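Written below as C-alpha cells is the structure these notes are about.
Just so you know, all these numbers are worked out from the coordinates, no wet-lab data involved. This is a predicted model, so every value here is computed, not measured. In this analysis, Cβ positions are derived from the backbone assuming ideal geometry, glycine residues included, and neighbour counts consider all displayed protein chains.
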Amino acid sequence: MQAKQTNKLIAVVAVLTAVAVVAALGLGLMEENIVPYWTPSELLTHVAKGKPLGSTVRLGGMVQKGTMKWDDETLVLSFALGDEPDSTGSRVTVVSNGVPPQMFREGIGCIVEGAFNGQVFHSNRLMVKHSNEYQPPKDHEDPRRLYRTLLPEQTMAPGAQPPVGIAPPQSAPATVAPPQSAPATEEQP
C-alpha cells in the first residue's frame, strides 16, 4: 500500500515541478518581449518619479495641432503627441525617420514605438489609429481632394513636398458642381 502512495506522491511532485519550470520559462521569455504602452502624461509622470523606462516603449496619444514638421529631403517627421488633439497639458515631442503612413495628420490618434531620452521620443515605428470602415471615394469625387485632408498644406514646411503617395494641395475651383445622387443599390464585392 505504501508503494502506491509513494508512486502517487512522486508523480504529483514531478507534475508540479514540470508546471513550475514551464511557467518560469514562459514568464521569463514573455518579460523580454513586453513593450509598455503609456499616454504622454503617464510617460512624463513615470520619468518625473525617476523610474527606469526600459529600452522600448509604446506611446499613444493625439497628434497636436500646429506641431507637425516634415522634411522631405531627410525624411524626418517631428510632432508633439498629447492626451487630446488640442491639449495644453502633457505633450511629448516625437521625432520619426521615414515616410509616415498615408493617413497620418494632425489631430489623429497615433502610437509610436521607440525610446524616450527625457526630452524627445525617438520613434522607430509609427502607427495611426483609425476605424476599420473603408469608404472609397464616390464616383464623382476626385481622390486628390481626399489626399489633401491627410496632410494639409499649412502643416508642411515652406517648399516641402508631401510624403510619397500624397498629392500636393492644389487650389480648389471657384465653383463646385453639386454631388450627383448615388444609385439606390450597392454592388457587393
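Odds and ends about this structure:
- Sites Thr56 and Asp83 - FRET efficiency at Förster radius 25 Å, r taken between beta-carbons, to 0.05: 0.75
- Contact order relative to length of region 37-131, as percent, for alpha carbon pairs under 8 angstrom and 6 or more apart: 27
- Here the residues Trp70, Trp38, ranked from fewest to most Cβ neighbours within 10 Å of their Cβ, fall in the order Trp38, Trp70.
- A simple spin-label model places pseudo-atoms 7 Å from Cα toward Cβ; at Ile34 and Val13 they are separated by 3.2 nm.
- Placing +1 on the Cβ of every Lys and Arg and -1 on the Cβ of every Asp and Glu, with no other charges, gives region 37-131 a dipole of roughly 280 debye about its Cα centre.
- Sorted by Cβ density within 10 Å, fewest first, the residues Glu84, Glu42, Glu73: Glu73, Glu84, Glu42
- Which of Leu75, Leu44, Leu59 has the fewest Cβ neighbours within 10 Å, and the rest in rising order: Leu75, Leu44, Leu59
- Note on region 1-113: semi-axes of the ellipsoid equivalent to its C-alpha gyration tensor, largest first and rounded to whole Å, are 50, 16, 11.
- Modelled spin-label separation between Glu141 and Ile111, with each label point placed 7 Å from Cα along the Cα-to-Cβ direction: 2.6 nm.
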